[in-house]
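J.: Before we start, here is the structure in question, set down as structure tokens.
The values are calculated or read from the model by the stated rules, or taken from the named source; none is laboratory data. Computed from a predicted model, the values in this text were never measured in an experiment. Glycine gets a Cβ as well: all are built from the backbone with ideal geometry, and neighbour counts include every protein chain shown.
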Amino acid sequence: MRALAPEVLGFAAAGFCAYGADLGLFLWLRGPAGFDPLSAKALSFVAGCTVAYAGNALGTYRHRTADVSRLRQYGVFLAVNVAGALVQLLCLAVSHYGLGYTSGAADTVSGAGIGMALATALRFWGTRTLVFRAGKRGTVRADKRGTERSARGTQGSWTG
């Protein structure tokens with residue numbers, strides 16, 4: 001568990017920056033830019049995903065070499081984040097429409113509380129296992145400069 005702490009902290013830092021970008025852009029698009037709410041949210045969501053991907057690719061998971069192109073990696077990352085957003089919406093829908101908890105507080109707890117916690121867990125799992133996969137134990141691969149690096153452990157840490 002202790003070995004996972006730096007990864008969790010890096011993931012959280014990237015997510016915090018992404019949240020700031022998402023919120024800031026949404027507020028600007030809805031206000032001065034005059035966009036409708038759904039267009040503003042769609043654009044700010046993609047911007048937040050891009051910031052999160054960059055933070056994870058260049059920071060948290062920089063030690064994991066990619067077997068696929070960055071574009072494909074970003075596509076999988078975006079899909080994982082869309083799945084997370086759907087989890088949040090599902091939690092809100094079940095609480096509001098299925099269970100009948102219709103107050104503002106109940107919506108906040110189900111969507112921004114429980115939904116966000118479950119979505120974050122899904123995003124963390126998806127990011128580390130589907131997007132930035134760990135190399136197989138004992139394998140040797142070359143990075144983009146042609147330098148051989150060997151995989152260490154199941155975490156996918158690279159030693160030079």
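J.: Counting only residues that are under 22 Å from Gly10 (Cα atoms) and surrounded by fewer than 16 Cβ atoms within 10 Å (Cβ to Cβ), how many does the range 34-49 have? Break it down stepwise before answering.
T.: Step one: list which residues in the range 34-49 are under 22 Å from Gly10 (Cα atoms), which gives 44-49.
Filter once more, so that each one left must be surrounded by fewer than 16 Cβ atoms within 10 Å (Cβ to Cβ): 46.
The total comes to 1.
J.: Quick one: His96 ticks every box in (1) crowded, with 18+ Cβ neighbours inside 10 Å; (2) in a helix (DSSP H, G or I) except a single one, so which number is it?
T.: (1)
J.: So is Ala54 under 11 Å from the mean Cα position of the chain (by Cα) and either at pLDDT below 90 or in the same structural domain as Glu7 (by TED's automatic domain parsing) (or both) or not?
T.: Answer is yes for this residue.
J.: Out of all the residues in the range 90-112, which are closer than 24 Å to Thr50 by Cα and at pLDDT 95 or above?
T.: Filtering the range 90-112 for residues closer than 24 Å to Thr50 by Cα gives 90, 111-112.
Scanning the range 90-112 gives a single hit, Leu90.
J.: Which pairs do you get when a residue that is aromatic (Phe, Trp, Tyr), found in the range 44-58, comes within reach of a residue that is surrounded by 18 or more Cβ atoms within 10 Å (Cβ to Cβ), reach meaning Cβ atoms under 7 angstrom, with the pair 6+ apart or on two chains?
T.: Phe45/Asp22; Tyr53/Phe77
J.: Any residue in the range 10-20 that is assigned to a helix (DSSP H, G or I), farther than 23 Å from Arg64 by Cβ and not basic (Lys, Arg)? Step through it out loud before you land on a result.
T.: As a first pass, look at the range 10-20 and keep what is assigned to a helix (DSSP H, G or I): 10-20.
Among the residues that remain, those that are also farther than 23 Å from Arg64 by Cβ are: 19-20.
Add one more test, that the residue is not basic (Lys, Arg), and what stays is 19-20.
Checking the range 10-20: at least one residue is assigned to a helix (DSSP H, G or I), farther than 23 Å from Arg64 by Cβ and not basic (Lys, Arg).
J.: Then there is this: Would a scan of the range 15-29 turn up a residue that is touching a residue at least 60 places away in the same chain (Cβ under 8 Å) and under 19 Å from Gly113 (Cα atoms)? Before you say what the answer is, go through the steps one by one.
T.: We begin by selecting, within the range 15-29, every residue touching a residue at least 60 places away in the same chain (Cβ under 8 Å); these are 15.
Next cut, under 19 Å from Gly113 (Cα atoms) only: 15.
Yes - at least one qualifying residue is present in the range 15-29.
J.: So which of Ala54, Ala66, Ala106 is closer than 21 Å to Ala13 by Cα and either outside any helix (DSSP H, G or I) or hydrophobic (A, V, I, L, M, F, W, C) (or both)? Before you say what the answer is, go through the steps one by one.
T.: Working: Ala66 fails: closer than 21 Å to Ala13 by Cα; Ala106 fails: closer than 21 Å to Ala13 by Cα.
Within the list Ala54, Ala66, Ala106, the selection yields Ala54.
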